[in-house]
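*Asks:* One structure, pasted below without further comment.
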Amino acid sequence: MAATGSVYRNNSNIDSSNNGSSNNNSGSSNTTNYNETKDLPISFSATLTEEALYDPRGLQYVEPTQTSLQCSVCCEYFTEPVSAPCGHTFCRACILQALEVRNGCPLCRTKIDPAMLYEVIALSRICDELLVYCPHKELGCNHTCQRIQIGQHLKDDCVYIGTLCREHHKTCPAESVTCPHCETTRARLRHLEHIKTCPQQIIPCTLSEFGCPWKGPRFDLEAIHIPQCPYEAIRGFLELSKSKMEALEQENQHLRGIFHDLRPQVQQLRDQVGQIQESLQLIAEQEQEQAAGSNINNSGGGISFGTLGGFMDMNYHQYQHRPQFSPRIDRRESYDLVSVNGVDNEMEMERQRASTMNRNNSIGAESMMSSGAGAGGVMTPGNAAEAHELLISENERIRSEIETLTAGLASLELKQNMAIMTESMRIQEEVQSLRAVCHGLRMQMHYLLLEQQNLRHHPGPPPPPGSPAGAVGGNQPGLKGSVNGGPSGDSTANGRSLSVSGPPRPRLSDGLGRQDTKL
Amino acid sequence: MALRRLQAELTDLNRNPLENVSVGPSDDSNILHWKGHILGPSNSPYKGGIFKIDIQFNTDYPFKPPKVKFTTKIYHPNIDEEGAICVALLKNDQWKPATRVNQVLRALVTLLEQPNPEDPLMTDIAEIYVTDQAKFQKTAKDYTKRYASS
């Protein structure tokens, strides 16, 4: 960085000036006399190693910057101002840095020889008297003083002087650290590596997580403890059970998640049941009123039975409607009817629980119904709970019916499948026999054609029957397809094909041959 | 050095803002990259346009000039299609470390007001600017309307 470079340059300047002016100094040799500002405006001496890192140009001023006292390069108050022959003034560090990049005044681009730069003492004094904050302001030091005195403050007064160093001290990688276990000393960076393998370090047994209480120096572990460790013998088992544990833990977590998901659904279902119960109660009350009204006119039995029938009808309708407005219930029903594929076991379990609950309810309802029937054979729908149970039992009945229907359907499907299979077997056999017949026919025709050809080309000796087809295949393009049949089929086909007579039709034979290859 | 000076310049710009120009670091973490807007000067065909500019400083700022370019398309003899600007102030060999951002911005506004056809970057536009001022005005206005209106 440019800034640090300039600081170092500053420091060398400081050293030389101190050496040169030490005789004149009456006070501390570290503080430069004010009269010696020519060499050094701020006494950041080499003894203050930490402070040497501060860029004097980085000081914070109490007053906002006045443009007349500002270096045009760094836009700060002049620090060690120097003037060029062209008359422009800059901080020494700024102008030197600028000249490194490009030789010319940063303001007017006149060429400048660095040796020609001269200090502006009066300006330097003015700037040195400006109030600055302590560089440790952020750490908490509220001290302000003239810029010339800040070095003194940092050296003697500032209580925050070592803070940065103290912080760094805790983690400095180069500091030598003594290992607390083996008493050897090395740099912190090395120590961090060493501590992992230090033979003297007290470590627990590697199987301590399974309960081994042993603790001792690292070098004892391998040599002495491991052969004796009772846990070492069952290490395999321990690790297996650990992995199982972990798997179970994961599963548990998974199940818990599912349970959480299901809880609102159950709540929703419960709410719906509650709503239905309420509406049923309302209906039941109306029914009761009607029944009470009609009982006056007619004999009670018939009417109440009729109303019960109507009531059941209505319940049935309601049941039918329910799945439409609540898909969740529908799903549960579908589980009861046929097992749903690809549904989580947990979901199934949950549903099963729900359905068994439902069943228990319906059993209770049935028993109540039967008891009601036994008592008088007539049921007066006055009780909402009773009506609800009635509804549930009706529900159950319909479900069992659907179950029977499903079973019937399944058996029917099975039967149908069997029938189709036997039928298709039969047809397959037939096709097979037909194919054999065709093959025979083709062979016979082939033979006849060969015969004919031979007679035409060699009228002398008659060829032997069933000569290889390949011999003449080249001359008979129309028969190419049939070559696939091969001469092996000849002998078997010849006998049978005699019964099937027909004119030789190469096109048909060709087609058959093709079919033959395909199959 | 660069960071402190930029901080000082930014403070100064916030205290004494330029007319028709707003500028600042694009994000707080990187003070070396500034973005800004220049309102088209009212005495130019760029009137009514808002031109975005992008300023990239180097760590060796102020010893090396910043890279300034227009990110809004503009019809100008000294600004090319990429937005690169031909202005003496920003040229490597003419840059002065004492030049400050507000001077650069002011130079840009002046450039919009008074194009410099003597030292063109877009020779064809410069030729039209010299020979057919009306056509130049019209095209520049068209560009401003098309690309620089919000």
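*Asks:* Out of residues 5 or more away from B:Asn116 or on other chains, whose amide H comes under 5 Å of its own, with H placed 1.01 Å from N in the peptide plane?
*Replies:* B:Asn78
*Asks:* List the residues whose amide H sits under 5 Å from the amide H of A:Ala187, counting only those 5 or more places along or on another chain, with H placed 1.01 Å from N in the peptide plane.
*Replies:* Excluding prolines and chain starts, which carry no amide H, the hits are A:Val177.
*Asks:* Please report the accessible area of A:Met245 (heavy atoms, 1.4 Å probe, ligands and nucleic acids excluded) in Å², nearest 10.
*Replies:* Using a 1.4 Å probe on the heavy atoms, I get roughly 120 Å².
*Asks:* OK, next. Under 5 Å between amide hydrogens, which residues at least 5 positions from B:Ile53 or on another chain qualify, with H placed 1.01 Å from N in the peptide plane?
*Replies:* B:Gly36, B:His37, B:Ile38, B:Thr71
*Asks:* Using the Cα centre as the reference, give the magnitude of the dipole from point charges on the C-beta atoms of the stretch B:1-78 (Lys, Arg: +1; Asp, Glu: -1; all else neutral), rounded to the nearest 20 debye.
*Replies:* Taking the Cα centre of the stretch B:1-78 as origin, the dipole is about 220 debye.
*Asks:* Take every residue in peptide B:94-102, count the Cβ atoms of other chains within 10 Å of its Cβ, and give the average of those counts.
*Replies:* Mean partner-chain Cβ count within 10 Å for B:94-102: 5.
*Asks:* Work out the charge dipole of the stretch B:1-148 with +1 on the Cβ of Lys and Arg and -1 on the Cβ of Asp and Glu about the Cα centre, then indicate which of B:Gly36, B:Val68, B:Ile53 is farthest towards its positive end.
*Replies:* Result: B:Gly36.
*Asks:* Quick one: what are the phi-derived ³J(HN,Hα) couplings along the stretch A:192-200, Karplus 6.51/-1.76/1.60 with θ = phi - 60°, whole Hz, x for glycine and proline?
*Replies:* 4, 6, 4, 4, 6, 10, 3, x, 8
*Asks:* In the structure shown, do any of A:Lys155/B:Lys96; B:Lys47/B:Lys69; B:Lys69/B:Lys145 have a Cα-Cα gap over 30 Å, and if so which?
*Replies:* From the list (A:Lys155/B:Lys96; B:Lys47/B:Lys69; B:Lys69/B:Lys145), the Cα-Cα distance tops 30 Å for A:Lys155/B:Lys96.
*Asks:* Can you give the angle from 0 to 90° between the axis of helix B:101-113 and the longest principal axis of chain B, with both taken from C-alpha atoms, to the nearest 10?
*Replies:* Around 0 degrees separate the two axes.
*Asks:* Please get the size of the charge dipole for the stretch B:1-148, origin at its Cα centre, with Cβ charges of +1 on Lys and Arg and -1 on Asp and Glu, quoted in debye to the nearest 20.
*Replies:* Value, rounded to 20: 380 debye.
*Asks:* Can I ask one more? What are the ³J(HN,Hα) values, in whole Hz, obtained from phi via the Karplus relation 6.51 cos²θ - 1.76 cosθ + 1.60 with θ = phi - 60°, for each residue of the stretch A:251-259 in sequence order, with x given for Gly and Pro?
*Replies:* 4, 4, 4, 4, 5, 4, x, 5, 4
*Asks:* Distance check, please: which entries in A:Lys170/A:Lys242; A:Lys137/A:Lys196; B:Lys52/B:Lys91 exceed 31 angstrom between their Cα atoms?
*Replies:* A:Lys170/A:Lys242; A:Lys137/A:Lys196
*Asks:* Okay, next question. Quick one: net charge of B:Lys145's neighbours, Cβ under 15 Å, K/R +1, D/E -1?
*Replies:* Combined, the nearby Lys, Arg, Asp and Glu give +4.
*Asks:* OK, next. For the stretch A:120-199, what's the relative contact order in percent, using C-alpha pairs closer than 8 Å and at least 6 residues apart?
*Replies:* Computed over the stretch A:120-199, the figure is 17 percent.
*Asks:* Here's something else I'd like to know. Positive end of the charge dipole of the stretch A:67-157 (Lys, Arg +1 and Asp, Glu -1 on Cβ, about the Cα centre): tell me which of A:Ile126, A:His136, A:His88 has its Cα farthest that way.
*Replies:* Farthest along the dipole direction, towards plus: A:His88.
*Asks:* Turning to a different aspect of this structure: What's the angle, to the nearest 10 degrees (0 to 90), between helix B:133-147's Cα axis and the longest principal axis of chain B?
*Replies:* Tilt of helix B:133-147: around 60 degrees.
*Asks:* Then there's this: To the nearest 100 Å², how much accessible surface do chains A and B hide from each other in total, with a 1.4 Å probe?
*Replies:* 1500 Å²
*Asks:* For B:Asp27, tell me the accessible area in Å² from a 1.4 Å probe, rounded to the nearest 10.
*Replies:* Here the residue's solvent-accessible area equals roughly 70 Å².
*Asks:* A follow-up question, please. Residue-wise, which Karplus ³J(HN,Hα) couplings in Hz belong to the stretch A:73-81, taking 6.51 cos²θ - 1.76 cosθ + 1.60, θ = phi - 60°, and x for glycine or proline?
*Replies:* 8, 9, 6, 10, 4, 4, 10, 6, x
*Asks:* Counting helices only, and only those DSSP H runs with n ≥ 4, report the 222 nm mean residue ellipticity of chain B as the sum of -39,500 (n - 2.57) divided by its residues, in deg cm²/dmol to the nearest 500.
*Replies:* Theoretical 222 nm ellipticity from helices: -10500 deg cm²/dmol.
The values are calculated or read from the model by the stated rules, or taken from the named source; none is laboratory data. For clarity, every value in this text was computed on a predicted model and none was experimentally measured. As a convention, Cβ positions derive from the backbone with ideal geometry for all residues, glycine included, and neighbour counts pool all protein chains shown. Ligands, DNA and RNA are excluded from the accessible area calculation, which covers all protein heavy atoms including side chains. Shrake-Rupley method; radii C 1.70, N 1.55, O 1.52, S 1.80 Å.
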